[in-house]
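Colleague: There's a structure below that I have some questions on.
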Amino acid sequence: LGCLLAAGAEGQFMKPGLVTSVGQSSDIAVVKALVNVKLKMGLEIKPTAQAADLAGMKTLVMVLGTSAKGMGAAGLNMDKEIQRAKDLVKAAKEKGVPILGLHVGGEGRRGKTTDDLLEIVLPESAQVVVVASGNKDKLFNTLSAKKNAPVTEVANLAAAGDAVKALF
């Protein structure tokens with residue numbers, strides 16, 4: 001696994017860590033099961049985290065993927081979710097909390113709404129982990145290049161979990 005990660009990336013992130021959804025897709029539930037049940041990482045999961053939730057956190061994991069149904073269930077719309085993402089990124093920068101961008105939904109979770117959120121989060125991410133099928137157009141690399149953030153492409157969800165665990 002170490003060879004998949006960019007040089008110097010291992011151990012880049014510290015606990016406590018906050019995991020939130022950006023786009024309110026069901027991917028957050030899958031990530032929660034992966035990092036806290038299977039990998040026992042003990043990260044705090046708040047799908048609709050606000051800037052204030054970053055208090056005391058040393059890492060912000062942003063799970064990227066849009067679901068109109070999920071946003072509706074959370075009482076959010078795209079404008080509110082874009083603003084929440086911007087507020088979280090701003091707060092993380094102000095507090096010196098590194099952002100880990102995580103996309104596990106693959107090609108099916110891409111589209112204009114997800115891409116709009118990627119444009120907010122990825123240029124400010126310290127590291128990005130993406131399931132390869134969701135990065136066929138290399139947009140993750142393009143947006144992450146603004147901050148020279150390493151992008152780790154993985155084959156599937158399980159590999160994404162291993163990559164995330166190795167970064168802590």
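The values are calculated or read from the model by the stated rules, or taken from the named source; none is laboratory data. Model, not experiment: these values are computed from the prediction. Virtual Cβ from ideal backbone geometry, glycine too; neighbours counted across all protein chains shown. Ligands, DNA and RNA are stripped out before the accessible areas are found, and what is left, the full protein with its side chains, is counted by its heavy atoms. Shrake-Rupley method; radii C 1.70, N 1.55, O 1.52, S 1.80 Å.
Colleague: Could you check the spin-label model distance between residue 133 and residue 83? Points 7 Å from the Cα along Cα→Cβ, value in nm.
Modeller: 3.5 nm
Colleague: Only one of the listed values, [x] 10.7; [y] 10.0; [z] 8.4, was derived from the coordinates as mean projected area of the Cα convex hull in nm²; which label is it?
Modeller: After the calculation, the listed value that fits is [z].
Colleague: So how do 155-163, 49-57 stack up, highest first, on mean other-Cβ count within 10 Å?
Modeller: 155-163, 49-57
Colleague: Can you compute the modelled spin-label distance between residue 147 and residue 93, with each label point 7 Å from Cα toward Cβ, in nm?
Modeller: Modelled inter-label distance: 0.9 nm.
Colleague: Using θ = phi - 60° and the Karplus relation 6.51 cos²θ - 1.76 cosθ + 1.60, list the HN-Hα couplings for the range 90-105 in order, rounded to whole Hz, with x at every Gly or Pro.
Modeller: 4, 4, 4, 4, 4, 8, x, 8, x, 9, 10, x, 9, 10, 10, x
Colleague: If you don't mind, there's one more thing I want to ask. In what sequence, highest mean first, do 62-69, 144-151 appear when ranked by Cβ atoms within 10 angstrom?
Modeller: Those peptides, ordered most packed to least, come out 62-69, 144-151.
Colleague: Heavy atoms only, probe 1.4 angstrom, no DNA, RNA or ligands counted: give me 78, 14 ranked by accessible area, highest first.
Modeller: Most to least solvent-accessible, the answer reads 14, 78.
Colleague: Looking at the chain, send over the antiparallel percent of its DSSP beta bridges, to the nearest 5.
Modeller: The antiparallel fraction comes to roughly 5 percent.
Colleague: Quick one: which residues, 5 or more positions from residue 152 or on another chain, have an amide H under 5 Å from its amide H? H modelled 1.01 Å from N in the peptide plane, none for Pro or chain starts.
Modeller: The answer is 128, 129, 130.
Colleague: Kindly sort 110, 84 by accessible area of their heavy atoms, largest first, with the probe set to 1.4 Å.
Modeller: 110, 84
Colleague: With a 1.4 Å probe and every protein chain kept in, tell me what percent of the accessible surface of the chain is carbon plus sulfur.
Modeller: Using a 1.4 Å probe with all protein chains present, the chain comes out at 55 percent carbon and sulfur.
Colleague: Compute the relative contact order of the range 48-168 as a whole-number percentage, counting only Cα pairs closer than 8 Å that sit 6 or more residues apart in sequence.
Modeller: 24 percent
Colleague: Another question, then. Which of 20, 48, 142 moves the most in a Gaussian network model of the chain with Cα springs under 10 Å?
Modeller: Fluctuation is largest for 142.
Colleague: Continuing with the same structure: Multiplying the sequence separation of residue 36 and residue 107 by 0.36 nm and subtracting their Cα-Cα distance, what value in nm do you get?
Modeller: 23.1 nm
Colleague: Return the long-range amide H neighbours of residue 59 (sequence gap of 5 or more, or a different chain), with a cut-off of under 5 Å between placed amide H atoms.
Modeller: 18
Colleague: Could you rank 138, 95 by how accessible they are, 1.4 Å probe, largest area first?
Modeller: My answer, sorted largest first, is 95, 138.
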